[in-house]
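Bear in mind these aren't lab numbers, they're just calculated from the coordinates by the rules spelled out. Since the structure is predicted, the reported quantities are computational estimates derived from the model, not experimental observations.
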Amino acid sequence: GAGAVVAGKPTQLVLTCGHEADLSDEEVTLGVQVEKKGILLSEYSPLVKKSPEREAASRRLVVALAQAVLIIASSGGDELTEATFDMAIQQGKPIFVFNSVPDANFPSEVIPLVREEEVDLVVRSLV
């Protein structure tokens, strides 16, 4: 979302709440920018508020719409990251991980990124 907006490219932004829920100023600004060249998506009624459960459920839409999955992680292992890996693997999406912990345990399908420059290259190639 934000990377494509910065690059001036079309994007999709999946909301983890309704379109009219209480959003931060930063989220509203990003949403306005996305609407100019993309689409805001939500599977929730307009006033439904954010919650961790909705974030996890919305992740499947994020993965489905993505060309690839890029995860910036310190160690992996949290439930949301694990679920994202599973969804990306099921959907056959490339998975890139930039990780600061060398001994982290990630699925074999993961393409590790070691330097920040590699992250920049992946982002530029996808937007």
| remark: Computed ³J(HN,Hα) along the stretch 45-50: with the Karplus parameters 6.51/-1.76/1.60, θ = phi - 60°, integer Hz and x for glycine or proline, the list is 4, x, 9, 5, 7, 5
| task | Between Val69, Val101, Val14, find the one with the highest GNM mean-square fluctuation for the chain; connect C-alpha pairs within less than 10 Å. | result | Val101
| field | the chain, helix-only ellipticity at 222 nm - DSSP H runs n ≥ 4, -39,500 (n - 2.57), divided by all residues, nearest 500 | value | -13000 deg cm²/dmol
| task | Hey, can you grab everything whose amide H is under 5 Å from the amide H of Ile71? Only 5+ residues off in sequence or another chain; H modelled, so Pro and N-termini drop out. | result | Phe96, Val97, Phe98
| note | GNM of the chain, Cα pairs under 10 angstrom: of Val97, Val32, Val62, the biggest fluctuation goes to Val32
| said: More than 22 angstrom separation, counting every C-alpha pair in the chain; what % is that? | reply: 41
